[in-house]
Each structure stands twice: as C-alpha cells, then as structure tokens.
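Single-structure report; data block below.
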Amino acid sequence: MIEIFIILTLVTFVILLVRNSSRTYILFGGLLLIYYLFGLIDTKTMLVNFVNTSLIKLVLLIIVSVVVQRTVMMNGLSDLLIKKPLKKSIFNLTAVVSLMSAFLNNTAVVAAMIAPVKKNRFHPPSKLLIPLSYSAIFGGTMTLIGTSTNLIVNGFVRSAGLKPIGLFDFAYVGIPLSIAGILLLIIFSDKLLAKRDSSALSYLVEASVLSGSKLIGNSIEKNGLKNLNGISVEAVIRDGKRHDMPGNNETIKAGDIIIFSCNKDNLASFSFIDGITIFGKKNRYLSNSAIAEVVVSRFSDLIGKAIENVDFETAFDASMVAFKRGTETISGTIGKIKIKKGDSFLISADAESSKRQNLKKNFYIISDTDNSKILNRKKSYIALSLFFAAIISAALNLIPLIKGLLIVLTVFILLKFITFEEIKRNIPLELIIIIGSALGISDVMVNFGVAQMAARFMQPVFSEWGVMGGFVGVYLFTLLLTELITNNAAAALAFPIALQTANLYGANPYPFIFAVIYAASGSFIFPHGYQTNLMVASAGGYKISDFIKIGIPVSIVYSIIVIFLVPIFFPFR
C-alpha cells in the first residue's frame, strides 16, 4: 500500500515537472514534506540532507564564482576568441568556454558570454550561440564542480555510503566528450548550424502618445521617426486597430500607441521623442544606466501572465522597457501578450536593489550595463589565482575543497571583492531546497523498495544484453527525463533506480552512477531541456528545429562515447 502511494506521488510529481505546473523547488520541497508528514522519512534524516557536503561545496562555488565573473579577463574574451574564419571562431569559443565551465557555473559562463558574442563583428550570432551553450554543457562533464548535477549525484553517493567521486574522476569520459563535441560543431558548422538574420532580432517597445505631444498632427517622416538612430516604427495602434508598417505619411494622433523596434544600444534614441510614455513609465530608464537584458526562466512565476498584469515595480523594483520573442511576429499591443519561458525583456533595474534576487528567480540575466563591479587587472589576477589555487590544492589532496573555498571567500571579503549583502543575494536557496529534498526523496524510494521495483521493471527490457543492457537502460531513461524535465530533477529520480539496477546485476555501482551523471547533462535536442539552451535560444532567434537539426547528431555522438567509455574506465566487475 505504501509503495503504491509513493509511486502515485512520484508519477504526479513527474507530470507536474513536465508541465511546469509549479516551480521546481516547490515541487521537490512539497513532495518531501508529504513524505515527512506521512512518516516515510524521519526528522533527523531529512535535516541532515540539507547540510550535505556536496551541497555546501556547490553553495561556496556559486558565491566565489560571482567574483571570478567580475575579472577583467572574463569581460574581454570575445575580441580574443572570435575571428573572421567561422571554424576558428567556433574552436576558440568552444574550447575556452568548455574549460571555463569545468570550474565555473556553466549558466554564469554562458550569461557572461552571450552579449559579447552577439556584438562580434564577423559572424551571425546564431552561428555561435548554440556552440556556446553546448560547449558549456561539455565542460560541465569534466570535473566534479563543472555542474550542479555532478555535485548533487556525489551527494547521493555519499548518502548511499559509497566512496565519493573525485574532483577529476569525471575527466576520463568528460574530456573525450568535449573534444568530440567541439569537433562535431566545427565540422558541421556550415550545414547544421542555423544562420538567422540578426536584423530580425530587434526588441519591441510600446509607446503611448500623450496629449500635447509635438508628434500629434505630423507625419512619421516629419516627426523624424522614419529611422531615428537605429529605431524604427513597426506599427501604429489606433482605436484598437493595428496598422503594421505604416507609411511615412501616416499622421500621428493623440492616444496612438506606437510599436517601435530597436536593440539594446539604441534606447537612448527615445530621449529625442517628445511626449511619449513607455509602458506607462515615463522614460524612467533614461535616468538609470542599469539596463539589463533578461530571459524568462523555465520556472518563472510570470509564465502565462499578460505583460500588462505584471507589476515590475513592486516585484523587481524595475521598469520594463522592451520585449522580444525570438523571430515571432507579435500582433496587437505588447501588454496583452502572455509571457512564455524563453521570452526576452530589456528592463531598467537597480543593481543594488533588495529585490535583485527575486529578479534572478524569474529570469536569466544575460547582460547588464552596470560595469562598476568589474575588477581591475591586478585584482583580477589575485581573484583568479586564489580560486585556482583552491582547485589545485583539492586535486592534490592538500586542502579539502570546502576548506579551500572558505579561505578564498574570506580573502575576497577582506579585500572587498564581494560584500555580505552580495553573498546573501547569491545564496541559491531554491537549489538548496531542490538538492536537500532530492536526497530525502531518494531515501524514501530506496527504503520502501520503489527504486528496486523500477529497476526490476526495466530489467526484462534489456535482459538480452545482460549488465551492459541494464547500464544502457539507465542511461537512456535518464536522458529521456532530462529532455522532459530538468537535469537536476532527472538525476534525482534516476540515481536510486541506477543504484538498484547495479545491485540486481551484482555489479559495480559506479558505471551506473556515471550513466546518470552524463545522461542528466546530455540535453541537446530541445531548447527548453537545459537552462543554457533556453538562454541562447532567445538571444539567437532560434527555432526549435534549429536545435533538433544539430542536437540529434550531437546527442548520438555524445551517447555513443558515454556508453563505450564509461565501462572501460569504470568496469562492471
């Protein structure tokens, strides 16, 4: 009876994850709470999971990475990497990004690189942004700290009483994966990487004409709106009717709503237009230099809401300035549009606002014009040296990684590279809830035999190939989950099943564990399967077919390498 209850709750949990019915941390925390209230997990076990060693490492890495992102080296990479030959640019970009992602949060690396890649002088951004995302995924497979998934699974390993995975144990398979993936991107860059017209990626700005405006009674051309420093009139909405691509002789009237197209760098041009308001906030953004480009995350509370019903001032201490949805044509007023994951906004937001964390919960912050926090060259060398000293010391077993990161963070605080307020804002509370809850859910699945039942269910499907079949089954099951839900959620659900599958075959559990690790990070086919894919999907104006076209061959090669190499470096017996 208890087993049936657990299975039903897990099935419901997965369905809600697939449908994005609620934010991931709420679903994980809610499921753990249900198990706790029904007595399926005791208080001590539940609380211990939230102070797991791997979880502490992850939190420290995320905070320390904030400083590393501010180094002058991180902010000047684009000009060094992107050259005139496309294949050379892809090689430079993917090689460096994969190496960076092996040690830094891959979401942060991609966020830092999107704006410079979009501004490059030589190639359409769409030729480089998918390689940017994929190479960050490749890099995350090379070390323990390359992605949160690796640390989460290592937490499961510790919880199961097994020997923790070493910092560079991932590299045996991760390095070949990265090399093969980068070569594939280079070889097929001409045929499989989409070429999208960057001119179709403009933001849309909705402006209302006020009574008394000097625009009233004059034509678009006479008002100087024909092409004002990179902005142009896309439509005029009058009396509820939209007139697309109005002629230059179109006369502006009081109460008109004008839809402009522009990019981030052209916003200052609106200061020359008399008597307009933008989304009801009269040119607030012109007095605030912190214009942030953001993408709606998969778990945003804003999804499904009309733009006009979102109070950006109250929720984020910010003003919305512009909107973009890939290359999709928008009809009607922008305010009526219902927000989807992957939508892009330009917002005016105070970098020091107390609601900055709320902004990060709903959006991936792609670029921010506030450069006041970038470290000078001397401080950048100090920050990078300390960070890599901690990594190398851990690799050589001189100082445990947690201790090394704590020392580095202390020095960063003393040198004023980061403040306590910034530390507080960057503590990933939602990720802590997900990981701690996932460990508890895994305990319940194992302790009540549900993981064993799932393993026995899978065994006949692959029984013809013996232990290798079980290994492949675990890999494919996790790969499917990560495309449907999220990488961390896929790892959390697949790990106990992988462990019990190994037990059924009397095999070494580590190849099955690594099958979960690599499969959970192997999301290449759909833009919404992995956070970095979603980030570049909007920035590059990609269609889903663009990801499928290059993602399928990448996923196939990736899977072949994992299935072939993991049993070699981590034998079944």
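Report yes if some residue within segment 110-124 is over 20 Å from residue 520 (Cα atoms), among the aliphatic types (A, V, I, L, M) and free of Cβ contacts under 8 Å to residues at least 24 places away in the same chain; otherwise report no. Within segment 110-124, none of the residues are over 20 Å from residue 520 (Cα atoms), among the aliphatic types (A, V, I, L, M) and free of Cβ contacts under 8 Å to residues at least 24 places away in the same chain.
Taking only segment 79-131 into account, find how many residues are of a type outside the set (A, V, I, L, M, F, W, C) and under 27 Å from residue 59 (Cα atoms).
6
Across segment 524-546, the qualifying residues are those that are under 24 Å from residue 472 (Cβ atoms) and among the hydrophobic types (A, V, I, L, M, F, W, C), and the one among them that is modelled with the highest pLDDT is 524. Looking across segment 183-235, the residues that are of a type outside the set (D, E, K, R), surrounded by fewer than 14 Cβ atoms within 10 Å (Cβ to Cβ), modelled with pLDDT under 80 and within 30 Å of the chain's Cα centre (by Cα) come down to 199, 200. Filtered by the rule that a residue be among the β-branched types (Val, Ile, Thr) and either touching a His at 6+ places or on another chain (Cβ under 7 Å) or not in a loop (DSSP other than H, G, I, E, B) (or both), segment 123-161 gives 130, 137, 149, 152, 153, 157.
Taken as a whole, segment 165-178 holds no residue that is buried (at least 18 other Cβ atoms within 10 Å of the Cβ) and touching a Pro at 6+ places or on another chain (Cβ under 6 Å).
Results for (1) under 20 Å from residue 136 (Cα atoms); (2) buried (at least 24 other Cβ atoms within 10 Å of the Cβ), shown as yes or no for each residue.
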| site | (1), (2) |
| --- | --- |
| 471 | no, yes |
| 487 | yes, yes |
| 496 | no, yes |
| 503 | no, no |
| 506 | no, no |
| 525 | yes, no |
| 558 | yes, yes |
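Is at least one residue of segment 514-533 free of Cβ contacts under 8 Å to residues at least 60 places away in the same chain, within 22 Å of residue 446 (Cβ to Cβ) and touching a helix residue (DSSP H, G or I) at 6+ places or on another chain (Cβ under 8 Å)? Checked segment 514-533: at least one residue is free of Cβ contacts under 8 Å to residues at least 60 places away in the same chain, within 22 Å of residue 446 (Cβ to Cβ) and touching a helix residue (DSSP H, G or I) at 6+ places or on another chain (Cβ under 8 Å). With respect to being assigned to a helix (DSSP H, G or I) and either within 23 Å of residue 175 (Cβ to Cβ) or among the acidic types (Asp, Glu) (or both), residue 519 fits the description. Of the residues making up segment 454-480, those that are at pLDDT below 85 and either under 16 Å from residue 558 (Cβ atoms) or polar (S, T, N, Q) (or both) number 2. Within segment 440-451, residues that are touching a residue at least 12 places away in the same chain (Cβ under 8 Å) reach partners that are surrounded by fewer than 19 Cβ atoms within 10 Å (Cβ to Cβ) and polar (S, T, N, Q) with beta carbons closer than 8 Å, at six or more positions or on different chains, in the pairs 440/45; 443/45. Filter segment 55-93 down to the residues that are within 28 Å of residue 190 (Cβ to Cβ) and modelled with pLDDT of 80 or more and list them by number. Passing the criteria: 85, 86, 87, 88, 89, 90, 91, 92, 93. When segment 403-425 is limited to residues that are in a loop (DSSP other than H, G, I, E, B) and over 14 Å from residue 65 (Cα atoms), the one that is nearest to the chain's Cα centre (by Cα) turns out to be 416.
The values are calculated or read from the model by the stated rules, or taken from the named source; none is laboratory data. In this text the structure is predicted, and so the values were computed from the model without any measurement. Neighbour counts are summed over all protein chains in view; Cβ atoms, including those assigned to glycine, are modelled from backbone coordinates with ideal geometry.
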